[in-house]
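Each reported figure results from applying straightforward, stated rules to the coordinates on display, with no laboratory input. All of these numbers come straight from a predicted model, not from anything done at the bench. When we count neighbours, we look across all protein chains shown, and the Cβ atoms used for this are built from the backbone with ideal geometry, even at glycine.
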Amino acid sequence: MGVLTINEEKTLREEILERVRQLYLLREKQKAFTPGVSRVHYAGRVFDEKEMQSATDSLLDFRLTLGKKGSEFISAFCGMMGMRYGLAVNSGSSANLIAVSALCSPNIEHPLQRGDEVITTALTFPTTLNPILQNGLVPVFVDVEEDTYNLDTEQLSRALSPKTRAIMLAHTLGNPAAMDEIMRFAQANDLYVIEDTCDALDSRYDGKRCGTFGNLSTYSFYAAHHITMGEGGAVLTNNLNLYRQALSIRDWGRACYCEPGEENPLGACRHRFDHIYDGLPDGYDHKYVYSNIGYNLKPLDLQCAIGLEQLKKLPEFAEQRRYNFTRLYNELREYEATFILPRSLPKAAPCWFCLPLTVREDAPFSRRDIVTYLEEHLIETRTLFAGNILKHPGYKDIPHRVCGGLPNTEQVLRGSFFIGVYPGLTDEMLDYVAETIHTYMAGF
């Protein structure tokens, strides 16, 4: 067989991508929802033939490692968010690790030091907390509000000590935290702020996108989140030096800040062999000089190709999430005596990850009772992450400080769960969820 011409390869690609489109349409025809027979997922991938074609096209290039599509994605993502600098990573968990580690880099002014304290919440996902511990910092836990599930800003002053250097918070389940109060406190006390925005893409506070207030923000593109690459994440910042340290930590800790695929043999700085470092031979290859303790936390280019198509759908996804949340919330309002329903702040415009419910202490049933009932009727539920992470086996002996008690966190541990509002849920599915809950509640 002879070598393919450019036109022949183009024709073959078009044929392959058309077959991919046909495969997608064939699978869609086979989908059907039958109440009580089909599972109602709490989250899932929502996509069409465009993502499948984009992934296939990237695979046919066989670049594999991060490259052109990665650059295109992060440029589009920064543009959407109104942020100057960003990097794509392989997960939201990695994004959190990179963000905290960047603030500990010896290459920034006033880095965090081992033993410094970081204010956060014990109602958390493990990999929001873990980077604090992994960098030798000490978490100081404050309680959450019982109905927003976010950091209670009234506890901040009591949590402050001479060792306090940062606040790390999540916009829990897409519900924006009180960022005006948090930023005022942080600025008054010269504290860094990291926003874990993994569950809150397109959520806004006072008209501004969550993730654009603090020094760094993190995002997840796991299959359950607002957009997906399968796995993936991002770190954003408006500070050039923090961006360069984050990039270094993502890319093995190297001092070079060339993006993958840099074509100039002398590097983006044009001085690849001109740098002088104490202890290294003069002109040592800058690509192999390491200025941070780093990792390899890059995604695949193929994932970013998927992400580009998902970004285009985010406005539609966000609108559907808000619609689904409102539908279910309105169905459940009559049960406020039994459930603590979620509340958002007056300045908040959530793009909900899900709909959280907390079974009140005096309810005639437990969380386990209703969750078991819903799961038996094929409605997926999840507990609110770790609840109180200090009660989990792996965290019982961590260095930490607790500011006051954590009564609301404990209430979440005992009584909270959530159901889905993701854009893959149809009106028929939402009706089934509501009817199932109504049937259960009619028994009391």
| request: State whether the range 1-76 is rounded, prolate or oblate according to the following rule on the C-alpha gyration tensor (a ≥ b ≥ c being the square roots of its eigenvalues): a/c under 1.5 gives rounded; otherwise a/b larger than b/c gives prolate, and the remaining case gives oblate. | output: oblate
| What is the magnitude of the charge dipole of the chain about its Cα centre, with +1 placed on the Cβ of each Lys and Arg, -1 on the Cβ of each Asp and Glu, and no other charges, expressed in debye to the nearest 20? | 480
| Positive-pole candidate from Thr34, Tyr24, Leu59, dipole of the range 20-83, charges at beta carbon | Thr34
| message | Under a Cβ-only charge scheme (Lys and Arg +1, Asp and Glu -1), can you give me the dipole magnitude of the range 309-350 about the Cα centre, in debye to the nearest 20? | response | 180
| What does the charge add up to near Arg63, with Lys and Arg as +1, Asp and Glu as -1, over the other residues with Cβ less than 10 Å from its Cβ? | 0
| note | the range 285-315 and the range 105-152 have their Cα centres apart by a whole-number Å value of 24
| task | Could you grab the Rg to Rh ratio for the range 61-301? Cα atoms only, Kirkwood for Rh. | result | 0.98
| Selected from Phe353, Tyr440, Leu97, residue furthest toward positive end of dipole (the chain; charges at beta carbon) | Leu97
| task | For the pairs Lys69/Lys287; Lys31/Lys312; Lys69/Lys298; Lys69/Lys313, note any where the Cα-Cα span goes beyond 20 Å. | result | Lys69/Lys287; Lys31/Lys312
| task | May I ask what percent, to the nearest 5, of DSSP beta bridges between residues of the chain are antiparallel? | result | 55
| said: For Lys29, give me every one of the lysines with a C-alpha distance below 21 angstrom, ignoring sequence neighbours fewer than eight places off in its own chain. | reply: Lys50
| Leu378-Leu4 FRET efficiency (beta carbon distance; Förster radius 41 Å; 0.05 resolution) | 0.25
| By average Cβ neighbour count within 10 Å, what is the ranking of 253-266, 146-159 from highest down? | 146-159, 253-266
| Say R0 is 22 Å: what FRET efficiency, to the nearest 0.05, do Tyr323 and Lys29 get from their beta-carbon distance? | 0.30
| remark: With 0.36 nm assigned to each residue of separation and the Cα-Cα distance removed, Lys391 to Glu316 gains 23.1 nm
| query | Going by average Cβ neighbours within 10 Å, how do the peptides 41-54, 190-203, 81-94 rank, with the highest at the top? | reply | 190-203, 81-94, 41-54
| So what are the radius of gyration and Dmax for the Cα set of the chain, in Å? | 23.7, 79
| request: Answer with one residue from Gly261, Ala246, Ala224: the one whose Cα lies farthest towards the positive end of the charge dipole of the range 216-317, charges on Cβ with Lys, Arg +1 and Asp, Glu -1. | output: Ala224
